[in-house]
């Protein structure tokens, strides 16, 4: 798989640091914001984007501390802070309504954004976002400390291996480079941020009072979150839960065609999502 640099890219100066933004598709089409997970970047969505731009203005951002965005030592890396910045980016782009999709911990940021800006977020799609910490599959702690930073390719591959359904999946070099571009501080702080957010309140409990159309996509072979936990999202009135056999934690990379089909069906204005 090859990741590309297509689309318009820019850097927006926000309080706390510059945010890297990618825009693809017609600007007058319904806006779809894609939010990556921890230790990732806009590039994790690259395989999916070409399938979405025929009907959407696709917006991607590198969250603070990731990718080509700023990585300040004193940055606010909590989920509410990241969500606030995402909302400011949409404001700067002139977007008044958007469907928001988040992968993994990006789903926490998407949820927080909907809570902060209910008039901005029209619908939510969560991709392999664990509903609560008890759904987390225990992992061996990463043997990477400040003295070993930046990590080697092999260290990153071991760290990222559970992000995919099969052990032999070849992680694109571009994504290895994105992890290496982080500082040890931003890596640890952003990883902890999602745990803190989930520890405070489970996502279904956060989502229920929002009353937003919700799509949950989960690769059945996820090695980070128990895929059976996706059923907990059914407690959210009207939620759609889709399990993808044979796929792991990153279905948007492992099978972008299947993932895009679910997103497009959900965002079609004739469906339950809001494609306006």
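The values are calculated or read from the model by the stated rules, or taken from the named source; none is laboratory data. If you're wondering where the values come from, they're calculated on a predicted model, not measured in any experiment. Cβ placement follows ideal geometry from the backbone for every residue including glycine, while neighbour counts extend to all protein chains displayed.
At a glance:
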{"read-out": "Residue match in region 237-247 (condition: surrounded by 24 or more Cβ atoms within 10 Å (Cβ to Cβ), touching a helix residue (DSSP H, G or I) at 6+ places or on another chain (Cβ under 6 Å) and more than 13 Å from residue 126 (Cα to Cα))", "value": "yes"}
{"read-out": "In region 92-109, the residues that are in a loop (DSSP other than H, G, I, E, B) and either in contact with a helix residue (DSSP H, G or I) (Cβ under 7 Å, 6 or more places away or on another chain) or buried (at least 24 other Cβ atoms within 10 Å of the Cβ) (or both)", "value": "104"}
{"read-out": "Flag if residue 47 is touching a residue at least 24 places away in the same chain (Cβ under 8 Å), touching a helix residue (DSSP H, G or I) at 6+ places or on another chain (Cβ under 6 Å) and in a helix (DSSP H, G or I)", "value": "no"}
{"read-out": "Where a residue in region 205-225 is farther than 26 Å from residue 158 by Cβ and its partner, wherever it lies, is surrounded by fewer than 20 Cβ atoms within 10 Å (Cβ to Cβ) and at pLDDT below 95, with Cβ under 8 Å and at least six apart", "value": "213/272; 213/274"}
{"read-out": "Pairs where the first residue, in region 115-136, is on the phi > 0 side of the Ramachandran plot and modelled with pLDDT of 95 or more and the second is buried (at least 24 other Cβ atoms within 10 Å of the Cβ) and assigned to a strand (DSSP E or B), C-beta under 6 Å, 6+ apart", "value": "128/218; 128/219"}
{"read-out": "Every residue from region 1-34 that is at pLDDT 95 or above and either at positive phi or in a loop (DSSP other than H, G, I, E, B) (or both)", "value": "17, 25, 26, 27, 28, 29, 30"}
{"read-out": "Residue within region 56-77 that is part of a helix (DSSP H, G or I), at pLDDT 95 or above and farther than 20 Å from residue 163 by Cα present", "value": "no"}
{"read-out": "Single residue of 144, 156 found to be more than 30 Å from residue 31 (Cβ to Cβ), part of a helix (DSSP H, G or I) and modelled with pLDDT under 95", "value": "156"}
{"read-out": "Selection count where residues are buried (at least 19 other Cβ atoms within 10 Å of the Cβ) and assigned to a helix (DSSP H, G or I), scope region 205-228", "value": "3"}
{"read-out": "Which listed residue, of 235, 239, 193, is without any contact (Cβ under 8 Å) to a residue 60 or more places away in the chain and either out of contact with any strand residue (DSSP E or B) (no Cβ under 7 Å at 6 or more places or on another chain) or more than 21 Å from residue 113 (Cα to Cα) (or both)", "value": "235"}
{"read-out": "Count - residues of region 78-91 that are touching a helix residue (DSSP H, G or I) at 6+ places or on another chain (Cβ under 7 Å) and either part of a loop (DSSP other than H, G, I, E, B) or under 24 Å from residue 28 (Cα atoms) (or both)", "value": "5"}
{"read-out": "Region 110-124 - residue that is in contact with a helix residue (DSSP H, G or I) (Cβ under 6 Å, 6 or more places away or on another chain) and in a strand (DSSP E or B) and, of those, surrounded by the fewest Cβ atoms within 10 Å (Cβ to Cβ)", "value": "121"}
{"read-out": "Of residues in region 162-182 being within 30 Å of residue 232 (Cβ to Cβ) and surrounded by fewer than 16 Cβ atoms within 10 Å (Cβ to Cβ), the one modelled with the highest pLDDT", "value": "166"}
{"read-out": "Cβ pairs under 7 Å, 6+ apart, first in region 16-36 and farther than 17 Å from residue 84 by Cβ, second part of a loop (DSSP other than H, G, I, E, B) and modelled with pLDDT under 95", "value": "22/7; 23/7; 24/6; 24/7; 30/275; 30/276"}
